[in-house]
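For reference, the structure discussed in these notes is given below.
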Amino acid sequence: WVWDQARLPEKLRVRPLSVSQAHVAWDRNGKTSFTGDIAAKEGARIFIDMFYQPEEFTVNRMLIQDAESTATLALALQKRELRLDFKGNLEKTTLDRFLVNNEIFSGSLKGDFRAHVPIDQPLRSIAQGKLQAAGLDYPLPLPVPVTLNQFSLEAAEKKIVVESASLTWDDSHLALKGDVNFSVEELLLDMEVDADGLKWEKIEKELKKEDQKKDGQKTEKQTSRKQEIDSPKNKNAQLPPVKGKIKVKLKYFEYGEYTLKPLYADFLLDPDGIKVVVHEANLCGVAVPGVVKLMLPEISVDFRPVSRDEQLKESLECLLRKPVGMTGNFNFQGEIRARAKPEELLQSLQDAFLCLNIDGR
């Protein structure tokens, strides 16, 4: 009855529990507090001391304990700040004793970790300690559906070191590690991403879905909310500028009918734009290192394709997507440069400066 009245998510629906030494208080203004012991089967228990009122949810102390787990949690979620304190270890088997269908995680959470995040000034965030989680199934708030499966991190005030993180998107597995620093003016990243591979067609499809979703949500109420967010008093609540480097290593990258295999590139982030330095990429036997600069309102590309002693027949059939009667080996060297607005880039590439030096037989 309590779960139904509170309209809590189905994934939080509990098994039959016993409650003892409980104290509940509420008033007509929506303030509610609860203190008490909650016991489940096989000796699992939770002691909780919590408080709720509009725009504020506070867990002063939560102790979760059984034969496999001992964990304490404190949480304060207010309009302008988030505070979190976790210590101990929490296992899947413990949650299974409380929840009808445990979809929160299938592994464990352990560490000694504290964090304070001012929501309207995220660059002032601080964190301390270590935290490890495995067996998660947590969807990240990104334009494409990326799920966080596992992570291990260590924090020291303004710096967070991601020792390892595992993510999935569609049928691709991604491994992430690196540093995140909170400076006074910007968020500094130094990350490495390794992935099985990515398909641009699927990424583009998800981005279009997100755009359509946003277009369908443009109601009068949301327009009013946007005006409120964009007002001068809420400027500090906007996302902070991001600067740094993300090293990306893909076993393959599919774009239409063509596949780059592998693709190693550095994404250099700056508030003014993004610079992509392609160190290694192979398309149909032709290496295509180069640079792409996304400095709006223009995009520029500068690639230097090169090939040494490759099979002519295999490369041409891969590029032209049809049988070719020529055979032999070839050497190739060229330059492709273009600069234009995003909507004019394809036409600009067709007119791009191309310098070729072919030596074949």
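The values are calculated or read from the model by the stated rules, or taken from the named source; none is laboratory data. Predicted model only: the values in this text are computed from it and were never measured. Cβ sites come from the backbone with ideal geometry, for glycine too, and all protein chains shown count toward neighbours. Just the protein is used for accessible areas: all its heavy atoms, side chains included, with ligands, DNA and RNA removed. Shrake-Rupley method; radii C 1.70, N 1.55, O 1.52, S 1.80 Å.
In region 137-153, which residues have a backbone nitrogen under 14 Å from the label point lying 7 Å from Ala175's Cα in the Cα-to-Cβ direction?
From region 137-153, the list is 150-152.
Would you list Arg304, Arg45, Arg339, Arg80 from the most to the least accessible area, probe 1.4 Å?
Numbers: Arg304 105, Arg45 80, Arg339 170, Arg80 130 Å².
Ranked list, largest accessible area first: Arg339, Arg80, Arg304, Arg45.
Whole percent per 5 Å bin, from 0 to the bin with the longest distance: what is P(r) over all C-alpha pairs of region 116-214?
3, 11, 17, 20, 19, 16, 11, 4, 0
In nm, what is the difference between 0.36 nm times the number of residues separating His279 and Lys87 and their Cα-Cα distance?
Values: separation 192, 0.36 × 192 = 69.12 nm, distance 4.27 nm.
Full-extension gain reported as 64.9 nm.
Can you give me the three principal axis dimensions of region 11-129 from its C-alpha atoms, in Å, biggest first?
44, 39, 23
Let me check something: with ligands and nucleic acids excluded, how do Met191, Met326, Met295 order by accessible area (1.4 Å probe), largest to smallest? Present the calculation step by step, with values, prior to reporting the outcome.
Working: Met191 15, Met326 100, Met295 80 Å².
The residues order as Met326, Met295, Met191, largest area first.
Once you place label points 7 Å from the Cα toward the Cβ at Lys205 and Leu8, how far apart are they in nm?
In this crude spin-label approximation the distance works out to 3.7 nm.
Taking a probe of 1.4 angstrom, what is the accessible area of His116 in Å², to the nearest 10?
40 Å²
Full-extension gain between Arg124 and Gln311, please, as 0.36 nm times their residue separation minus the C-alpha to C-alpha distance. Provide the component values of the computation, followed by the final result.
Values: separation 187, 0.36 × 187 = 67.32 nm, distance 5.65 nm.
Result: 61.7 nm gained on full extension.
With every protein chain kept in place and ligands, DNA and RNA left out, what is the accessible area per residue of region 1-82? Probe 1.4 Å, answer in Å². Could the numbers behind the result be given before it?
Values: 5730 Å² over 82 residues.
Result: 70 Å² of accessible area for each residue.
State log₁₀ I(q)/I(0) for region 62-177 at q = 0.13 Å⁻¹ as given by the Debye formula over alpha-carbon point scatterers of equal weight, solvent excluded.
-0.59
Going from most exposed to least, what order do Asp27, Asp179 have by accessible area with a 1.4 Å probe? Present the calculation step by step, with values, prior to reporting the outcome.
Numbers: Asp27 65, Asp179 40 Å².
I get Asp27, Asp179, largest accessible area first.
So, in nm, how far is label Leu142 from label Lys249 when the simple model puts each one 7 Å beyond its Cα toward the Cβ?
Between Leu142 and Lys249, the label points sit 1.8 nm apart.
At 0.36 nm per residue, and after removing the present C-alpha to C-alpha distance, how many nm does the segment from Asp37 to Val100 gain when stretched out fully?
Details: separation 63, 0.36 × 63 = 22.68 nm, distance 1.90 nm.
Result for the pair: 20.8 nm of gain on full extension.
To the nearest Å, what is the center-to-center distance of region 136-210 and region 285-345, using C-alpha atoms only?
30 Å
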